[in-house]
Each structure stands twice: as structure tokens, then as C-alpha cells.
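Here's the structure we're looking at; comments come further down.
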Amino acid sequence: ESTPLADRGFVTVQQHILSEQTRFPGASGEFSWLLSGITLATKLIANKVRLAGLNDMTGRAGAVNVQGEQQQKLDVYADGVLAECLAFRESIGMLVSEESEHPLVLREDASKSKYAVVFDPLDGSSNIDVGVSVGTTFSVFHKPDDPATANDPAKWALQAGSKQVAAGYVVYGSSTILVYSVGNGVHGFTLDPSIGAFLLSHENMQMPQQGRYYSTNEAYRDRFPPHYGEYIDMLRRGELGYKYSSRYIGSLVADFHRTLLRGGVFLYPPTTEQPDGKLRLLYEANTIAFLAEQAGGVALSGDERTVDIVPTDIHQRVPLVVGSKMEMDAYQRMA
Ligand code: AHG
Ligand code: MN
Ligand code: MN
Ligand code: MN
């Protein structure tokens, strides 16, 4: 007789989701079926990322997306794969993607479904062709209670981040790691490519109370509102006990993943050119903010909690400052 996988120390993400689900009364299995669409898609994306350069997956796709950005081939591939893997899960009524101008209502009778899923299919476009970490983000919402909106699936994603029922990301880095939360802590899984499974590697992740790095695009510093520069100077002077060093990858998922594991602070402030910053609320800032808070960190946009903002547009942008308790307390004192 064989020992169950879990007893041998292998917990797959699928198994983990199922056991999380038992905490919710009336849980149906639909939710784990939904998440399996995401894990399948990200495994397909990981495969393409690993071979980019050999499989005609580098360079531009040719079109400009709704964000005003040149789409890369991998942006288009990842977007297609996620849409395809999620469109046939009947519990999902609508999708929002960074790469699609409009919300995608999945069926004529989509209002009978339960969930909305928003995603950034490929995060870190500028890093794709140079072998540096990229990612995927996703967040899941229940259809809203309010009957008018419930009957209009196109609007399901216009909910505050505090309403997320699940959020996560995959970082395609030196290893492929999936991090997710259903509001019961944050858990990380490493893809074992030899068996094609995400296996539990980081249980109940907690962001350290303090780190030693700040992470921001310092080239824009003169264009940040002055208190951001003053805050960075304060960190560098050592007023919090360490003279901070910096790390900036330019892929939000990778920069946040480091911040989650090591602590510290990530900032994408407003700039003179982009008064709301660059990051998109629905599938970048909110996803990260939900995970940060679940791990004991703090995420703010200006002086309000990022997850308290009620979106009016699916692609709206917000400034984001996210990190460890200590750095975030200090930020709030200066903001
Ligand atoms: P995306 O590739 O999904 O469009 O996101 C890019 C974002 C984010 O990953 C990163 O934090 C930020 O762009 C970097 O922007 P800068 O080049 O302005 O620093
Ligand atoms: Mn983009
Ligand atoms: Mn992104
Ligand atoms: Mn993207």
C-alpha cells in the first residue's frame, strides 16, 4: 500500500486549495476547479518563458494595447492561454485582462455564474527578452450582492480590493513559484518541472517586520512628489536602524516577491507625467496589496489603504507603497 502524498511531505497546490476550501461552509469544488484553470495556464506560460529565445517568443507582437504599450509576443500568448483556460469554467462569468480594453463577459447567461477573475497575464514586459524574472497576477471576486450589478457581469470587477476572495501571482524566476491567498494566510508553491506540479514550499508566509532594501525606479525621483524623495533619504541615512540598500528589478511581481520574503518597501509613486503612477489598481496594486496584508504587511495608495479604493475604471492606475510594518509606519508618518 502506498503512503499518501501529503504524508511523504508533498502537498500539491490543488490539494492545498481543496483543504482551504473545506473551511468555507457550502464550498462546492467550483472554486478549486477555477484555480486549477489558473495553475494550468501558468504552467503553460512558464514553459514558454523557459524556452523564450528558442521558440520565437521574444520581441514585439506588433500591436499597441489599451495601456498605450507595445505588446510583446509573450504578453499576447499569456493573455490567450489564461482566457482559454478560464473561459470554460462555468463558475466564472467574466474576465478582465491588462491586455484587453473591455471586460470579457464569457457567456450570454454569464450572470448565472459566481465569480469574476482579473489578471495581468505577463508582468514585467521589459524583462522578457533579457532573461530576467517576469510574472502573472490574478484576483478573484464573487459577483456583487447588489442585484443591479449582479445582473450586469461587465461590472463585476469594479469592486474594492478588500472584496477579493482570492489573489495570487506566479513568478517565473530562477524557479517558478506560485503564491496565493484565500484570506487565510499566504502560501507559496514551487513548480517541480519534472512532474509538472506546484508543491508546497513556503507555508504561511509572513513578511518580516523590517527589511534592508527599498525598491523604486530612482531615475524618476525628481518627478516624484517631494515627500517620497525625503522618505528614501531617511531610509538611506539609517534612521530606522540600518542604512538601506536598494533592489529594483522592474517586474512588480518579482520586486514584491523579494519584499514578501525579505521585508523592506516597494514604491511606485505618482510622477509629473503619470499623476496616478503606473500600476493598475485591479490586477497589479490590489492583488499585491491583498497578499501583503495577509502576510502582515501594509499597502497604501497615497494615504489610503489600496484595497479600500472603489474602482471606476477597469484599467485605472494608482500609486503604490507596500512593505513591512516598520517601513510602512515610517512612510505614514512622512506622507
Ligand atoms: P507590465 O509589464 O505588466 O505592463 O507591468 C510593468 C510594470 C511593473 O511590472 C513594474 O513594476 C513597472 O512596470 C516598471 O515600470 P518602470 O519601467 O516605469 O520602472
Ligand atoms: Mn503591460
Ligand atoms: Mn504588470
Ligand atoms: Mn502585463
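Numbers at a glance
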| quantity | calculated |
| --- | --- |
| Residue match in the range 268-280 (condition: touching a Gly at 6+ places or on another chain (Cβ under 8 Å), aliphatic (A, V, I, L, M) and at negative phi) | no |
| Failed criterion for Leu281 (all others in (1) closer than 23 Å to Asp79 by Cα; (2) within 12 Å of ligand 1 (Cβ to nearest atom); (3) crowded, with 23+ Cβ neighbours inside 10 Å; (4) hydrophobic (A, V, I, L, M, F, W, C) hold) | (2) |
| Selected residue (only one of Ser28, Ser100 is under 22 Å from the mean Cα position of the chain (by Cα), closer than 25 Å to Ala166 by Cα and of a type in the set (S, T, N, Q)) | Ser100 |
| Some residue of the range 182-198 being of a type in the set (Phe, Trp, Tyr), within 25 Å of Pro269 (Cα to Cα) and either at pLDDT 95 or above or not in a helix (DSSP H, G or I) (or both) | no |
| Qualifying positions in the range 127-144 - within 10 Å of ligand 3 (Cβ to nearest atom) and polar (S, T, N, Q) | Thr136, Thr137 |
| Selected residue [within 16 Å of ligand 3 (Cβ to nearest atom), in contact with an Asp or Glu (Cβ under 9 Å, 6 or more places away or on another chain) and among the aromatic types (Phe, Trp, Tyr)] from Phe256, Phe266 | Phe266 |
| Residues of the range 195-216 that turn out to be more than 26 Å from Asn47 (Cβ to Cβ), of a type outside the set (Phe, Trp, Tyr) and more than 19 Å from the chain's Cα centre (by Cα), as a count | 5 |
| Qualifying positions in the range 152-174 - more than 16 Å from ligand 2 (Cβ to nearest atom) and not aliphatic (A, V, I, L, M) | Asp152, Pro153, Lys155, Trp156, Gln159, Gly161, Ser162, Lys163, Gln164, Gly168, Gly173, Ser174 |
| Filtered residue count, the range 108-151, keeping only those that are within 17 Å of Leu82 (Cβ to Cβ) and within 16 Å of ligand 2 (Cβ to nearest atom) | 14 |
| Search result, residues across the range 129-175 that are in a helix (DSSP H, G or I) and not polar (S, T, N, Q) | Asp129, Val130, Pro147, Ala148, Ala150, Pro153, Ala154, Lys155, Gly161, Lys163 |
| Pairs where the first residue, in the range 66-86, is among the basic types (Lys, Arg) and the second is part of a loop (DSSP other than H, G, I, E, B) and away from ligand 3 (no atom under 13 Å from the Cβ), C-beta under 9 Å, 6+ apart | Lys73/Ala52; Lys73/Asp56; Lys73/Met57; Lys73/Thr58; Lys73/Gly59 |
| Verdict on Gln210 being outside any strand (DSSP E or B), under 25 Å from Asp109 (Cα atoms) and touching a residue at least 60 places away in the same chain (Cβ under 8 Å) | no |
| Candidates Ser100, Ser139, filtered to the one that is out of contact with any strand residue (DSSP E or B) (no Cβ under 7 Å at 6 or more places or on another chain), at pLDDT 95 or above, within 16 Å of ligand 1 (Cβ to nearest atom) and closer than 25 Å to Val66 by Cα | Ser100 |
| Filter result for the condition that a residue is more than 24 Å from Gly173 (Cα to Cα) and within 16 Å of ligand 4 (Cβ to nearest atom), over Gly277, Gly238 | Gly277 |
| Which listed residue is touching a residue at least 12 places away in the same chain (Cβ under 8 Å) and closer than 25 Å to Ser194 by Cβ, from Arg50, Arg89, Arg23, Arg60 | Arg50 |
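Each row is one residue, and each column tells you yes or no for (1) surrounded by fewer than 20 Cβ atoms within 10 Å (Cβ to Cβ); (2) hydroxyl-bearing (Ser, Thr, Tyr); (3) within 20 Å of Asp308 (Cα to Cα); (4) within 16 Å of ligand 4 (Cβ to nearest atom).
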{"site": "Tyr77", "(1), (2), (3), (4)": "no, yes, no, yes"}
{"site": "Asp109", "(1), (2), (3), (4)": "yes, no, no, no"}
{"site": "Lys112", "(1), (2), (3), (4)": "yes, no, no, no"}
{"site": "Phe141", "(1), (2), (3), (4)": "no, no, yes, no"}
{"site": "Ala148", "(1), (2), (3), (4)": "yes, no, no, no"}
{"site": "Pro153", "(1), (2), (3), (4)": "no, no, no, no"}
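The values are calculated or read from the model by the stated rules, or taken from the named source; none is laboratory data. Note that this is a predicted model, so its numbers are computed, not measured. Quick reminder, even Gly has a Cβ in these numbers, built from the backbone with ideal geometry, and neighbours come from all protein chains shown.
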